[in-house]
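Undergrad: Before we start, here is the structure in question, set down as structure tokens.
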Amino acid sequence: MARKPLVAGNWKMNLNHLEAIALVQKIAFALPEKYYAKVDVAVLPPFTDIRSVQTLIDADKLSLTYGAQDLSPQDSGAFTGDISGPMLAKLGCSFVTVGHSERRAIHGETDELVNKKVKAALKHGITPILCVGEELEIREAGEHLEHTRNQLIEGLKGLKAEQVQAVVIAYEPVWAIGTGKVATAADAEEVCKSLRGTLSEKYGDEVATAVRVLYGGSVKSGNVSELVAADNIDGALVGGASLDGEEFTKLCALAAGGPLP
Ligand SMILES: O=C(CO)COP(=O)(O)O
């Protein structure tokens, strides 16, 4: 089964809602409709931008999709500052990143919490983009395959095969995020292949073949083609380069197999 590539722009804590509208308009204008047949494109803005992005995408009937960068494992209640799955679902979010390394490192998110968040997203019909990835020391010790395999297994714990089929996995080596140091396509493919192998072992070939595995970490228009050409890399989770409309559009067009618009 051919997996349609997904390019998701993780804006992190950048752009207010007015800037968000400007960037979405720029992408919508620059990326002709025909590309969406070959690539799914999503933007993941900060929470405060989502309503504006939703309104624009709905009003102009754009093919872009959107989502959030995190969600609470709870549906509602006394959780000051948190945002729930039902809130994101009501805003029409298609995706939510879960377990991004910045949340694991800065907010101390454990695999157990990440697993609860994956379940919360699925419960409300939002596709979780489950992020895994090793720190530099782990790679240097040669333990990156085992580390990412464990994060994957723990993140998906307790899910049925059909639920796993609805998840997107993103391999983001921590040492490649925001550093300009992109993993080579061979390094990224090694891990993405191993993650798919784990999915196959745990949930069967059908699930492993259907699930999209993205690569993230300093992806740009200059390296995306080589990355998505690898057998087990089905798109990209893009940080810095997703904040530049022209660069992100180029990157999406290349992930679709080109030509540049
Ligand atoms: O963390 C990332 C996407 O989630 C990657 O960020 P950069 O593309 O800025 O390295």
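Here, each number is a calculation from the coordinates, and none is a lab measurement. The structure presented is a predicted model; accordingly, all values stated were derived computationally and were not measured. Here Cβ is always computed from backbone atoms with ideal geometry, including for glycine, and neighbour counts include all displayed protein chains.
Undergrad: Go ahead and estimate [θ] at 222 nm for the chain from helices alone: -39,500 (n - 2.57) per DSSP H run with n ≥ 4, summed, over the residue count, rounded to 500.
TA: -12500 deg cm²/dmol
Undergrad: To continue, here is another question. Mind checking the dipole of the chain: about its Cα centre, +1 per Lys or Arg Cβ, -1 per Asp or Glu Cβ, Debye to the nearest 20?
TA: Value, rounded to 20: 700 debye.
Undergrad: Select from HIS107, THR249, LEU31 the residue farthest towards the positive end of the dipole of the chain; place +1 on Cβ of Lys and Arg, -1 on Cβ of Asp and Glu, and compute about the Cα centre.
TA: Result: LEU31, furthest along the dipole toward the positive end.
Undergrad: Okay, next question. Under a plain spin-label model, where a point goes 7 Å from the Cα along Cα-to-Cβ, how far apart in nm are THR209 and ARG51?
TA: 4.5
Undergrad: Would you grab the residues whose amide H sits under 5 Å from the one on LEU214? Only those 5+ places off in sequence or on another chain, please, with H modelled 1.01 Å from N.
TA: Under 5 Å from the amide H of LEU214 lie the amide H atoms of ILE169, ALA170, TYR171, ASP234, each far enough along the sequence or on another chain.
Undergrad: Also: If you rank THR249, THR110, THR55 by fewest surrounding Cβ atoms within 10 Å, what's the result?
TA: Ascending number of Cβ neighbours within 10 Å: THR110, THR55, THR249.
Undergrad: If I stretch the segment between GLU146 and GLU247 completely, what's the gain in nm (0.36 nm per residue apart, minus their alpha carbon distance), one decimal?
TA: Gain on stretching GLU146 to GLU247: 33.0 nm.
Undergrad: OK, next. Just need the Rg to Rh number for region 6-255, please, alpha carbons only, Kirkwood Rh.
TA: Rounded to two decimals, Rg over Rh is 0.94.
Undergrad: Let me ask you something else. Sketch the reach of a paramagnetic label on ALA161 as a point 7 Å from Cα along Cα-to-Cβ, and name the residues of region 204-240 whose backbone nitrogen lies under 16 Å away.
TA: 204-211
Undergrad: Roughly how many whole Å is it from the C-alpha centroid of region 1-21 to that of region 84-110?
TA: Cα centroid of region 1-21 versus Cα centroid of region 84-110: 14 Å apart.
Undergrad: Let me ask something additional. Quick one: net charge of SER63's neighbours, Cβ under 11 Å, K/R +1, D/E -1?
TA: -1
Undergrad: While we're here: Longer than 24 Å from Cα to Cα, which of LYS12/LYS90; LYS38/LYS123; LYS123/LYS157; LYS38/LYS61; LYS193/LYS250; LYS38/LYS193 are they? Say none if no pair is.
TA: Exceeds cut-off: LYS38/LYS123; LYS193/LYS250.
Undergrad: Only Cα pairs within less than 10 Å get springs; with that Gaussian network setup on the chain, which residue of ILE169, ILE138, ILE83 has the largest fluctuation?
TA: ILE138
Undergrad: ³J(HN,Hα) across region 227-232 via Karplus (A = 6.51, B = -1.76, C = 1.60, θ = phi - 60°), whole Hz, x for Gly/Pro?
TA: 5, 6, 6, 5, 4, 10
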